[in-house]
Amino acid sequence: MEPGPSLNRTLQNIARNVARTLSEDGCLIHLLNRKRSLLEVALRYKAAEGFAQAVKPGVGIPGSALRQGKVVVEPDLRKDRTGLWNGEARKEGIVSAICLPLRGNKNTIGTLTFLSRKNRRYGNKEIPLLSALADQAAAAIENVSSCEKIRRQIKAISRERKRETEIRNFLENIVDRSIDPIMATDLQGRFTFVSRGAEEMFGRPREDLLGKKIGNFFVGGEREVKGTMKTLVREERIRNYETEFVGPRGKRISVILSASLLKDPQGNPLGILGVSREITEYKNLLNHISRTERSYQKLFEAVNDAIFFLNPQGYFSTFNRMFLKMTGYTEKEIQSYHFSKIIHPDDLPMMQSDHAKVLRGEYVPERYTFRLINKGEKVIYVEGNFRRLKERNEVVGILGVLRDVTEKIRLEKELLELSITDGLTGLYNQRHFYSELDKEMERSKRQNATLSLLLFDLDDFKVFNDIHGHLEGDKVLKTVARVALKSIRRMDSAYRYGGDEFTVILPGATQNEGVRVAERIKKSVENNPSLQQIKLSIGLVEFDPLYDPTKFVKHADEAMYTAKKMGGNRIYIRPREDHKMPG
C-alpha cells in the first residue's frame, strides 16, 4: 500500500533508529497491500535498490516470515535457497539477514528486515528483543495508519458538508428565482415556505403568506384541500392536477399543480411540497381554439371532398364523413388501418413511394389519380392532393384530400374507346394502329425483341359488294373481324386498317410464328359457314430495326399485294433484307 507523508516519516524513524542501535547495514520494511495479496516495499533504508522487490506471501525471506508468522534468520544470503536476494547480496557484500513479522492488533501487517555485511549470529537472547521491537514498530505503524484514516475521513466529511452547503445554496437560489410558484405546507395545510413566484401569483409578500392556510387560496376551499391531502397521504404524489387559485382582487388563476409528500428520515409525513404553473392565458386560448375548432369541424364535415390525416407511420388518425362514406368503413375500423389497406395493389408501390417523398418534403405531383378499394371490394378512382404538416419544425403527418372521379374516368375511357375503335367491326382503328405500332417498334429496339406484322384484305370484295350489296358486305367484314380476334394470340392486337383491309401486330413473333397466326386466320375464315365465298390475301413482314412505321407498313402492304398477284387466297412472307456494312 502507498504510505502517506506521516506514515512515511514514522517508517523512516523506525528504520533509522533501529539500524543505528543494532549497527546494521541496511533495513527494509514490507507492508501488505489492501488485498493482502502482495508484500510491497514501504521503506528502503541504506539497502541497495535490488533488495526493493515486492513479493507474494510465502516467497523469499520476507514472504516466509509473513506466512509462518515467526522470525526467519539467514546467516549467509549468498547461499539463500529461495534465490530472491543471493545475487544482490554478492554484488553489495551483504552476508546475513534477519526478517521479523510485524504483528498488528489483529493480523500480521508486514515484515521488518535487517541486512548486515557481517556474519551475524542471532541467538535466543537477541531474537525475543528484536521481536518485541518489531511488535512496537507494528503498533506505531497501525496507530499512524489509523490516524491517517481518521484524517481522511474528516476531510471527506468536510468536503461532503461543503458540497451539501453549496448544493443547498444552489437549490435555494434556483427555487427562489423560479418563475413557477413553489410552496410547502405542514400537514394542517399552513404555508411553511413560499418562493418569489408564489408571492407574485398571490400578490402578497412572503411574511403575509407564511402560517396562512392554503385552503384560503383554493377556489374549492378547505374541502378541495382535504381531498388533495388524502390523495397525497395515500399515493405520496400528485402529478399535473388542474385547479384554480384565488389571486389578487379575487381574480381566478388557472394552474397545473404537482405535489409530493415530505417525510423525515424515519419516513413519517412532515408536510407537502407543491410546484404550480399558471395556465390562465393558455386556458383562455384553449377555449378560443375550441370554439374555432368547432367551426372548422362543421366546415370539415360539410365539404363534399373526402379529407383525412395520416400520422408519420401512415395510419389514419382523422377523417371526415365523406371519407367514411367513400371507403365504406366505420370510424372504429379505419382508425386501426394503414393507408396501404385501401390502395389498389397495382397503385400501392407508387403511393408508398410518394408517401415517403411527401414526408421528406420532396416533389410529388400536385394532383394525380389512383385507385382505392372500399370495404365492399369496389374499385374507386380518386383524384388526390397531399400536403405535409409540420409543428415546431417537426413533421406530424400528411393531410390528404380526395375526390371520387370514377364516373369521370369511365366517361373518359368510353370516349377514348370510341376515338380508337372502328364503328363497324369493333376492332381498333387505323389511328390507334399507328400509335400502338410505334410503341411496339420502340420496345423491340430497346429489348432487342422480334416483332412481326400481318396485313390482309378480302379477295374480290368489290365484286361481292356489287352482287350482294353493301349490307351483306358489312356483315362479312364484321364476321372476318370476329374470326381474326379468335385466331390471334393473347398478346397480339387486330385493327381495321381501312375498307376491307385488316392488320395484326404480333409482338415477340418471328416469321415462323407469324405464319402460324396467319394460317389460323385463313383456315378459320375458310371453315366459317358465313364466309364460304371469302378468300384472304395475307402479307407478312418481320420488323427490321432500320424500319420506320411507314416503311414497315409499306413492306407488309407490298407482301399482301404480292400474294394477291400470285392468285390470292395465300400467305406471302416478305424476305428479310441483308444489311451490308459500308466499305
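Values quoted throughout were computed directly from the atomic coordinates according to the rules given, and no laboratory measurement underlies them. Source: prediction; values computed, not measured. Positions of Cβ are generated from backbone atoms using ideal geometry, with glycine treated the same way; all protein chains shown enter the neighbour counts.
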- prompt: Toward the positive end of the charge dipole of region 342-481, about the Cα centre and with charges on Cβ (Lys, Arg +1; Asp, Glu -1), which of 397, 467, 419 goes farthest?
  reply: 397
- request: Report Rg(Cα)/(2.2 N^0.38 Å) for the chain, keeping two decimals.
  value: 2.15
query: region 357-377 to region 328-352: how many Å between their Cα centroids?
result: 11
statement: At R0 = 30 Å the Cβ-Cβ FRET efficiency linking residue 318 and residue 421, nearest 0.05, sits at 0.10
task: Let me have the 222 nm mean residue ellipticity of the chain computed from DSSP H runs of 4+ only, each contributing -39500 (n - 2.57), with the sum over all residues rounded to the nearest 500.
output: -14000 deg cm²/dmol
query: Quick one: what does P(r) look like for region 178-283 with 5 Å bins over all Cα pairs, in whole %?
result: 3, 13, 24, 29, 19, 9, 3, 1, 0
- request: Would you compute the Debye intensity of region 306-408 from its alpha-carbon atoms alone, equal scatterers and no solvent, and pass along log10 I(q)/I(0) at q = 0.11 Å⁻¹ to two decimals?
  value: -0.30
field: Whole-Å distance, taken between Cα centres, linking region 199-269 and region 521-545
entry: 99
- prompt: Using +1 on the beta carbon of Lys and Arg, -1 on that of Asp and Glu, and nothing else charged, what's the dipole of the chain about the Cα centre, debye to 20?
  reply: 4020
field: Reachable aspartates and glutamates from residue 118, criterion Cα separation under 18 angstrom, eight or more residues apart if same chain
entry: 24, 25, 74, 76, 80, 88, 92, 126
query: So which aspartates and glutamates pass the test for residue 70, namely a Cα distance under 13 Å, with those fewer than 8 places away in the same chain ruled out?
result: 135
- line: Taking every C-alpha to C-alpha distance in region 343-459 and binning by 10 Å from 0, the per-bin percentages run 11, 25, 25, 24, 11, 4, 1, 0
field: Listed residue pairs exceeding 30 Å between alpha carbons, taken from 79/149; 439/522; 162/213
entry: 79/149; 162/213
Cubic angstrom per residue, convex hull over Cα atoms of region 30-127: 98
field: C-alpha center-to-center spacing [region 437-451, region 117-150] in angstrom
entry: 107
field: Charge dipole (the chain, unit charges on Cβ, about Cα centre) - positive-most of 372, 128, 342
entry: 128
query: Tell me, which longest segment in the chain has none of the chymotrypsin sites (Phe, Trp or Tyr not before Pro) that fall in DSSP loops with at most 14 further Cβ atoms within 10 Å?
result: 1-336
field: Dipole of region 178-283 [Lys/Arg +1, Asp/Glu -1 at C-beta], most positive-end residue of 189, 256, 201
entry: 189
statement: Two pseudo-spin positions, 7 Å from Cα along C-beta at residue 413 and at residue 565, lie apart in nanometres by 4.7
query: When only DSSP loop residues count, what trypsin sites (Lys or Arg not before Pro) in region 111-215 have their Cβ near at most 12 other Cβ atoms within 10 Å?
result: 118, 121, 125
- request: Check the straight Cα-Cα distances from residue 251 and name the aspartates and glutamates below 16 Å, setting aside those fewer than 8 residues away within the same chain.
  value: 199, 200, 278, 281
